[in-house]
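Accompanying notes for the structure given below.
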Amino acid sequence: MAHIIVVGNEKGGSGKSTTTMHIGTALARMGHRVGALDLDLRQKSFARYIANRNRFVKAEGLDLPSPVYMDLPEVNKDELAPGENIYDHRLSAAIGALEPNNDFILIDCPGSHTRLSQVAHSLADTLVSPLNDSFVDFDLLAHVDSDGQTILGPSVYSEMVWHARQLRAQAGLPPIDWLVVRNRLGAQNMVNKKKMGEALQKLGKRIGFRTAPGFSERVIFRELFPRGLTLLDLRDLGVTQLNISNVAARQELRDLMKELKLPGVNVDF
């Protein structure tokens with residue numbers, strides 16, 4: 001069976017699509033077959049990222065390793081079983097179509113609570129939750145007291161992940177490996193950075209997730225999106241001398257891929 005990686009949280013602007021695209025292309029470059037879905041049926045940022053890539057590759061005559069993207073199939077209501085949710089059926093059909101031909105299925109979720117996102121989380125073998133490194137976004141995982149250290153209780157998103165874990169346990173499936181990725185780690189404000197790290201470590205032990213540093217805020221990510229490119233594609237475009245920022249960003253991706261600890265993946269880029 002394909003290993004399902006879900007990239008999700010319930011806040012926009014945390015770098016979910018960038019994270020999803022870089023994980024997908026990194027796996028493809030390492031020789032793995034990767035299928036991909038975008039469950040944000042309104043914004044479709046990840047789907048547009050893939051479309052940009054396909055268009056650029058075709059126009060430039062390039063052959064870049066890429067995830068194989070598909071839209072959720074449309075379903076005739078007559079095909080539904082009594083009481084079956086149409087979104088459940090569409091997601092199940094998409095997973096069924098991708099699974100036989102892929103080692104990994106990558107699912108990008110919307111930055112809001114939807115039925116599709118809820119079901120996708122219950123399918124996750126690995127859950128990646130990008131998080132901007134601030135207490136504004138920490139509220140996604142838990143509510144904290146004014147001291148920034150005392151955890152008052154889990155958020156609705158953490159409760160959704162807990163529910164997904166319960167569903168997997170009832171179905172006899174392995175537990176979700178949940179990784180919270182700290183994006184936009186800044187070199188400044190070290191006090192806040194330290195407090196965030198301590199709060200995440202404490203919460204991770206309490207509700208069961210690991211943490212890893214993700215991507216810093218870099219101009220290169222905004223420049224890559226219109227062409228559908230990732231950091232790993234630059235040398236294929238003839239860029240042989242990477243600047244210091246780009247080298248650092250590649251190392252961040254390498255560290256993230258290692259921290260994911262995906263089955264059968266040897267990080268070699």
Inset, instruction - Run Tyr69 past the list (1) under 17 Å from the mean Cα position of the chain (by Cα); (2) surrounded by fewer than 20 Cβ atoms within 10 Å (Cβ to Cβ) and report the number of the one that doesn't hold. - result: (2)
Legend entry - Filter pass, Val128 being touching a residue at least 12 places away in the same chain (Cβ under 8 Å), among the aliphatic types (A, V, I, L, M) and surrounded by 18 or more Cβ atoms within 10 Å (Cβ to Cβ): yes
Inset, instruction - For segment 208-219, indicate whether the set of residues that are surrounded by 14 or more Cβ atoms within 10 Å (Cβ to Cβ), at pLDDT 95 or above and either in a helix (DSSP H, G or I) or touching a Phe, Trp or Tyr at 6+ places or on another chain (Cβ under 9 Å) (or both) is non-empty. - result: yes
Legend entry - Extreme residue, surrounded by the most Cβ atoms within 10 Å (Cβ to Cβ), among residues of segment 141-173 that are in a strand (DSSP E or B) and free of Cβ contacts under 8 Å to residues at least 24 places away in the same chain: His143
Legend entry - Complete set of residues in segment 36-54 that are crowded, with 24+ Cβ neighbours inside 10 Å and within 18 Å of Val128 (Cα to Cα): Ala36, Leu37, Asp38, Leu39, Phe46
Inset, instruction - Report the residue count in segment 78-111 for those that are surrounded by 13 or more Cβ atoms within 10 Å (Cβ to Cβ) and among the small types (Gly, Ala, Ser). - result: 5
Inset, instruction - Determine if segment 21-35 includes at least one residue that is in contact (Cβ under 8 Å) with a residue 40 or more places away in the chain, crowded, with 22+ Cβ neighbours inside 10 Å, of a type outside the set (D, E, K, R) and more than 26 Å from Asn266 (Cβ to Cβ). - result: no
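The values are calculated or read from the model by the stated rules, or taken from the named source; none is laboratory data. On a predicted model such as this, the values are computed, not experimentally measured, just so you know. Every residue, glycine among them, receives a Cβ derived from its backbone with ideal geometry; neighbour counts consider all protein chains shown.
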